[in-house]
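Single-structure report; data block below.
Readers should treat all values here as calculations from the given coordinates under stated rules, not as data from a laboratory. Quantities reported herein were computed from a predicted structural model and do not represent experimental measurements. Here Cβ is always computed from backbone atoms with ideal geometry, including for glycine, and neighbour counts include all displayed protein chains.
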Amino acid sequence: MTETVGRQSPAAARANDVWKVYGTGEAQVAALRGVSVEFERGRFTAIMGPSGSGKSTLMHCLAGLDSVSKGTVQIGDTTVTGLGDSGLTKLRRDKVGFIFQQFNLLPTLTAQENILLPMSIAGRKPDPAWFDTVIDTVGLRDRLGHRPSQLSGGQQQRVACARALVARPEVIFADEPTGNLDSRSGAEVLHFLRNSVREHGQTIVMVTHDPTAAAYADRVVFLADGQIVSELIEPTADTVLDTMKKLDTPVEVAG
Ligand SMILES: Nc1ncnc2c1ncn2[C@@H]1O[C@H](COP(=O)(O)OP(=O)(O)OP(=O)(O)O)[C@@H](O)[C@H]1O
Ligand SMILES: [Mg+2]
């Protein structure tokens, strides 16, 4: 890993030799086994790997949603692994945004209320111009008064994207954001995520199983069995597929 002690890290998020072990005794599962990785500011990174390889676990540990068994995690200059409960609450509220496969919208709130909820909990007001930009880009202007049950899956996920983006967090973590969407709605969400990186400098880390979705990213990191096994810069769907095929062939992974 690059030596960055003593100067400000350019990374929006970073894991240093992170281990995560669930359970005890015979039921023990090492979901992460010494993961060290940096996510540069203003970049769109995809995380790929087989089911059970530790993608969601890594994301949850990075975002302070789950504790690590060993190692450290940083978001910007904050050492997440050194925070207590109130520090973690503040971190999740002020520094990170989430987009989940299952949208996770509150059913009793309208689209607009859902989008603004994290900020209103934090006592912050969105910049009106930025709110307008976000709403227009996700194409939700005429749906702001609808509740989630009155929206399609694609529209609900666009609400979740807007909710994450409107607060301009240090980093947005998206766990299979297009997993429940048809290809057209998925492409819309991916365009929007990529544009927020290109045009607005947002940092995004996205887990996906789909090589086409991964190709929207600037970089792809591959996990297998709780370890990082490969990486691609400026991926295309073809190079992602090739790498996935190679990783499917069992090889000895050093380290
Ligand atoms: N709360 C938990 N308790 C026990 N084991 C867990 C827990 N969460 C995850 N695991 C285990 O850790 C491993 C990694 O899980 P994780 O959810 O990170 O995989 P993933 O790469 O996100 O998979 P998928 O692509 O299916 O979402 C799996 O073996 C899983 O069973
Ligand atoms: Mg997962």
request  = Evaluate 2.2 N^0.38 Å with N set to the residue count of region 18-92, then give the Cα radius of gyration divided by it.
outcome  = 1.15
ask   = Once the principal axes of the Cα atoms of region 1-136 are found, what is the range along each, listed largest first in whole angstroms?
value = 48, 39, 30
query = In the chain, which helices (entire DSSP H runs) extend 27 Å or more along their own long axis, judged by Cα positions, while averaging at least 1.6 on the Kyte-Doolittle scale?
reply = none
query = Under 16 Å from the Cα of K90, which aspartates and glutamates turn up, not counting those fewer than eight places away in the same chain?
reply = D66, D77, E170
ask   = Taking the Cα centre of the chain as the origin, how large is its charge dipole in debye, to the nearest 20, when only Lys and Arg (+1) and Asp and Glu (-1) carry charge on their Cβ atoms?
value = 680
Value of relative contact order over region 127-255, rounded to a whole percent, pairs C-alpha under 8 Å and six or more apart = 17
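Can you tell me the order of 138-146, 11-19 when each peptide is scored by its average per-residue count of other Cβ atoms within 10 angstrom, highest first? Could you put the intermediate results ahead of the total?
On the way: 138-146: 15.1, 11-19: 21.8.
Packing proxy ranking, top to bottom: 11-19, 138-146.
Pick out, in residue order, every one of the GluC sites (Glu not before Pro) in region 177-255 that is DSSP loop and has at most 13 other C-beta atoms within 10 Å; say none if there are none. Write down the numbers at each step before the final one.
On the way: sites: E188, E199, E231, E252; in loops: E252.
Here the sparse-neighbourhood loop sites are E252.
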task = Calculate the radius of gyration of the Cα atoms of region 165-253 to one decimal place, then report Dmax, the largest Cα-Cα distance, as a whole number, both in Å.
result = 13.8, 44
note = Mean-square fluctuation maximum in Gaussian network of the chain, Cα pairs under 10 Å, restricted to I135, I233, I75, hits I233
Mean Cβ neighbour count within 10 Å, used as a protection proxy, ranking 98-108, 200-210 highest first = 200-210, 98-108
task = Throw me the Rg/Rh for region 110-237, computed over C-alpha atoms with Kirkwood Rh, two decimals.
result = 0.99
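Which of the peptides 240-246, 219-225 is most tightly packed, and how do the rest follow, going by the mean number of other Cβ atoms within 10 Å of each residue?
Working: 240-246: 15.9, 219-225: 21.0.
Peptide ranking by packing, descending: 219-225, 240-246.
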remark   = Log entry: pair-distance distribution for the chain, C-alpha pairs binned every 5 Å from zero, whole % per bin is 1, 6, 13, 17, 19, 17, 13, 8, 4, 1, 0
remark   = Per the Kirkwood formula over distinct C-alpha pairs, the hydrodynamic radius of region 85-155 in angstrom is 13.4
note = For region 52-127, one quarter of the surface area of the C-alpha convex hull, expressed in nm², comes to 6.7
Whole-number percent relative contact order across the chain, with pairs defined as alpha carbons under 8 Å at least 6 apart = 25
remark   = Convex hull around the C-alpha positions of region 141-209: the volume in Å³ per residue is 94
